[in-house]
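Every number in this text was worked out from the coordinates using simple rules, so none of it is lab data. The structure displayed is predicted, hence computed values, not measured ones. Ideal geometry is used to build each Cβ from the backbone, glycine not excepted, and the neighbour counts take in all protein chains shown.
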Amino acid sequence: MSARPDPNLPFTDPNSIVRTIWGNADTILLVFAGSAAEFALNRAVDWLFYTGKVPNDPIGRLFATARFARDIVFADAAAAQRTLDRINTIHRALEQQRQQTIPDWAHRDVLYMLIDYSERAYRLLHRPLTDTEQTELYAVFLRVGQGLQIPELPATYAAWQQDRQRHLEQNLEHSHYTTTLYQQYRRHLGARRYRLLLHIQTLLVPERVRDLLHLRSTTPLAWTLRLYPVVNRLKLRPLLQRLLIPKQHLAEVRQLDAAAFA
């Protein structure tokens, strides 16, 4: 029997690529931009509508989820497990209210989104992950999934890639929930920011998601993102964030940067 990890050690290695990805507000926002598209298509999306929290406040729920992720990635092992236990408790309470069980495949879908869009977001803003970084990314989220008691998770990154593709093919559909969620995205973001969201999703999401949402195959935003390193060097991120983020959420966005909670 293997020894249990030291609860005082960090859940994620301080030099991990996962901390790099989840310690930057820009990549986190891209992760959730992609997830927002795929959530809207998931066959289990009705669970998001049961309490009404996500449809009524999609941006607020984004930041709540980001705080959960931050509390896991940047915590010691014991604190991370407490956060995972809290998520499990929330899920069980929801199941009791609805008198149904959230499907195991739906839990895997959510975990797979976080893995996939973490990699896609980092590639879009910086560079592709190396083979070692891909393995490391999956290893961290595999531990998250195990902490959430999600069964039948693939053992390796390569096996996960195959299962991810199966989930995309089997668990997505365009429904009235899709239309409702996108209406809420537009209402909460405003027309200009909503159009930007669609452009970002075009660049981020897998082909299967793009087809179901009838997103464009290309977008001029791809050329604009090539200037992102320049924006960083000139320290213009705060100005860019003011332009792109609704004022009421600006402080929450900046708190997502690792420096804000190191």
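Highlighted here are the helices (runs of 4 or more DSSP H) found entirely within the range 23-62 that include at least 1 residues which are of a type in the set (D, E, K, R) and under 24 Å from Pro229 (Cα atoms): 25-41.
Among the residues making up the range 83-104, those that are closer than 19 Å to Gln146 by Cα, assigned to a helix (DSSP H, G or I) and of a type outside the set (S, T, N, Q) are Leu84, Asp85, Arg86, Ile87, Ile90, His91, Arg92, Asp104. Summed over the range 208-231, residues that are crowded, with 16+ Cβ neighbours inside 10 Å, assigned to a loop (DSSP other than H, G, I, E, B) and of a type in the set (Val, Ile, Thr) total 1. The set of residues in the range 129-178 that are among the polar types (S, T, N, Q), in a loop (DSSP other than H, G, I, E, B) and either surrounded by fewer than 17 Cβ atoms within 10 Å (Cβ to Cβ) or touching a Pro at 6+ places or on another chain (Cβ under 7 Å) (or both) comprises Thr130, Gln149, Thr156, Ser175.
Number of residues in the range 1-22 that are within 16 Å of Ile115 (Cα to Cα) and not in a helix (DSSP H, G or I) equals 2.
The set of residues in the range 64-99 that are closer than 25 Å to Tyr194 by Cβ and touching a Leu at 6+ places or on another chain (Cβ under 8 Å) comprises Ala66, Ala69. Has the range 110-119 got any residue that is surrounded by fewer than 17 Cβ atoms within 10 Å (Cβ to Cβ) and either more than 26 Å from Ile200 (Cβ to Cβ) or in contact (Cβ under 8 Å) with a residue 40 or more places away in the chain (or both)? No, the range 110-119 contains no residue that is surrounded by fewer than 17 Cβ atoms within 10 Å (Cβ to Cβ) and either more than 26 Å from Ile200 (Cβ to Cβ) or in contact (Cβ under 8 Å) with a residue 40 or more places away in the chain (or both).
Are any residues in the range 171-202 in contact (Cβ under 8 Å) with a residue 40 or more places away in the chain, more than 15 Å from Pro58 (Cβ to Cβ) and polar (S, T, N, Q), and if so, which ones? Asn171, Ser175, listed by residue number.
Restricting the search to the range 180-207, which residues are assigned to a helix (DSSP H, G or I) and under 11 Å from Ala37 (Cα atoms)? Of everything in the range 180-207, those that are assigned to a helix (DSSP H, G or I) and under 11 Å from Ala37 (Cα atoms) turn out to be Leu181, Tyr182, Tyr185, Leu197, Leu198, Ile200, Gln201, Thr202, Leu204.
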